[in-house]
Structures are given as structure tokens and as C-alpha cells.
1. Leaving out ligands, DNA and RNA, and with a 1.4 Å probe, what % of the accessible surface on the range 1-44 is carbon or sulfur?
2. When 1/r is averaged over all different Cα pairs and the result inverted, which Kirkwood radius in Å belongs to the chain?
3. When the Kirkwood hydrodynamic radius is evaluated over all pairs of different C-alpha atoms of the range 1-41, what value in angstrom, to one decimal, is obtained?
4. Write down the accessible area per residue of the chain in Å², having rolled a 1.4 Å probe over the full set of protein chains.
Amino acid sequence: MYVSPSSLAVNETGTSASFTAVLIAQPDAAVTLSISCDTSVVLCAPSALTFTTATWSVAQTVMVTGMFHI
């Protein structure tokens, strides 16, 4: 898997940043990757990426948004 960029910065004012992920080799079957984050400080969407044998080389985007916390 290739992920770009390798790091992100968001803050509590609700700023957003995104990263893309793509497989570097065709899988034998569909691959689903769970996206997890500390939801007390950020929201991540979507919560999973699915790559199929037909879409493995198509980059998919994950949006990360900072959340206000106390």
C-alpha cells in the first residue's frame, strides 16, 4: 500500500486534511481496510476502504477533520 502524504495536521477549529491510499499490487480478492482514529479529537471518513481486483490501482481518499475537545 502507498499512502500520501505520510502525515497530516489538523486542529480543534475543524480544519480538514486528506490522504490517499492505493494498493501497490493487485490482490487475489477484494481487500477492505478499516480506518480508525481517535474520535475524541478527529473524525475520519470513510471508515473503510475497499479495493477490488478491478479497482486496486485507483487511489481512494480519506478525510480527517479536527474536533474541539475539552
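The values are calculated or read from the model by the stated rules, or taken from the named source; none is laboratory data. Remember, predicted model here, so these are calculated numbers, not experimental data. The area values use the complete protein model at the heavy-atom level, side chains included, leaving out ligands, DNA and RNA. Shrake-Rupley method; radii C 1.70, N 1.55, O 1.52, S 1.80 Å.
1. Numbers: 1590 of 2990 Å².
Reported share for carbon and sulfur atoms: 53 percent.
2. 12.9 Å
3. On the way: mean 1/r = 0.0786 Å⁻¹.
Evaluated over the range 1-41, this radius sits at 12.7 Å.
4. 65 Å²
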